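> Encoded as structure tokens, here's the structure I'll be asking about.
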Amino acid sequence: MSLLAATPSAAQPSGTGTGAWNQNPVPVVTTLSGSTYVMRDPRWIGLDCVDAVTGTVFSGPDDVWGNGDPTDRETGCVDAYYAAQNFQRMTVRWLGRNGAEGNGRPGFGLRVGDSRLGLGVVAGRISVGRNPAGQWVGSLDLIGREYGRLIDQTTPGGLSRNGTGEFIADAFGTANEWFAGQTAGDVPDLLVGERPSTPRDMSNPAATGGINCYTSAVPTAEVYSAAGVGNHWFALLAAGSRPTNGLPPSPTCDGTTVTGIGVDRAIRVLYTAMQFKVSGMTYQKYRIATLKAAQLLTPGNCTDYNAVKAAWNAVNVPAQVGEPTVACD
């Protein structure tokens, strides 16, 4: 299967959706079957959206979907389906990866309408549940988190451990939001799940129950709290400690000032580092791997390498034996 095209071809219906969490209308690529449109993406085998009540893929006589009501199942599917398609595009353009699974497939289809809180993967599908207000929670960052877990699972070493796993998911969820680049609706930020759910703050994880600075207690801490260290590192790498683009400042654990390199470059560094994963990843091992990645991605240019190192120092993950050095170090 070829890489995802920048825009749908003439043979691929390009519908419009009205979601609850996005800047509407959003484009959705669907399939025309006879005279019926089906919410199934012909470019990515297995990417469709099933109505949990009927057990069938959402379909209709026209290519217009959703009504903006966050409690409506079809609207919930618009948000989740758009987020899933956006994520596949992001993997190609930003990461050079062929879909979330890496083989031309997204890995997970979608299912909206199950009576559950939050999201999870059930029988090979992302099951999009509700928040306490009864609204479906398939936002760009929350759907991106689930696909980020799949990338983690299908890169060397398998799922990240020792408090790092949820940080990996959060970083990919954030990248999905930034790749969409909305100017209203789900605008790019460093909050995770802020539209349909209780947010987690990557710039200052301690403000939402996370851990800002690494200690020896982090690997055995509650997983979302432990993710705060990696989230803080990613926010500092992407936006810096004193952003000038309207994002909030990010306090450093060592009192230094860190300059960011942008979300697109930060997620590319992280994804490249994941090619060096081993089983039982730790924050210390991620420091080594991300420095290797920066060195590989920008040989002879120290900007990204120095930013990666400064961000790790700023969250109290110190220099490690075996980490690479560069001439400008």
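Coordinate-derived values only; no laboratory data. Keep in mind the model is a prediction, meaning the values are calculated, not measured. Cβ sites come from the backbone with ideal geometry, for glycine too, and all protein chains shown count toward neighbours.
> Hey, of (1) 67, 39, 37; (2) 54, 50, 36; (3) 62, 41, 37, which did the structure itself give for Cα extents along the principal axes in Å when calculated?
Among (1) 67, 39, 37; (2) 54, 50, 36; (3) 62, 41, 37, the one derived from this structure is (3).
> Which order, highest average first, do 260-269, 277-286 follow once you tally other Cβ atoms within 10 Å for each residue and take the mean per peptide?
260-269, 277-286
> Can you give me the Kirkwood hydrodynamic radius for segment 11-121, using every pair of distinct Cα atoms, in Å to one decimal?
14.1
> How tilted is helix 263-273 with respect to the longest principal axis of the chain? Cα atoms for both, answer in degrees (0 to 90, nearest 10).
It is inclined by approximately 70 degrees.
> OK, next. At 7 Å along the Cα-to-beta-carbon direction for both ALA217 and ARG93, put a label point, then send me their distance in nm to one decimal.
Label-label distance for ALA217 and ARG93, simple model: 4.3 nm.
> What size of dipole, in debye to the nearest 20, comes out for the chain about its Cα centre when the only charges are +1 on Lys and Arg C-beta atoms and -1 on Asp and Glu C-beta atoms?
Dipole of the chain, to the nearest 20 debye: 800 debye.
> May I pose another question? So the label point goes 7 Å from the Cα of CYS302 along Cα→C-beta, right? Which residues of segment 261-296 then have their backbone N under 18 Å from it?
261, 291-296
> For helix 283-297, report the angle its Cα long axis makes with the longest principal axis of the Cα atoms of the chain; keep it between 0 and 90° and round to the nearest 10°.
Once rounded, one gets 80 degrees.
> Can you give the Kirkwood hydrodynamic radius of segment 172-329 from its Cα pairs, in Å with one decimal?
15.7
> Here's another thing I want to ask about it. Please give every one of the aspartates and glutamates within straight-line cross-link reach of LYS292, meaning a C-alpha to C-alpha distance under 19 Å, and leave out same-chain neighbours fewer than 8 residues apart.
ASP152, ASP264, ASP304, GLU323, ASP329
> Moving on to the next point. On full extension of the chain, what length is gained from LEU117 through ASP69, given 0.36 nm per residue of separation minus the C-alpha to C-alpha distance?
15.5 nm
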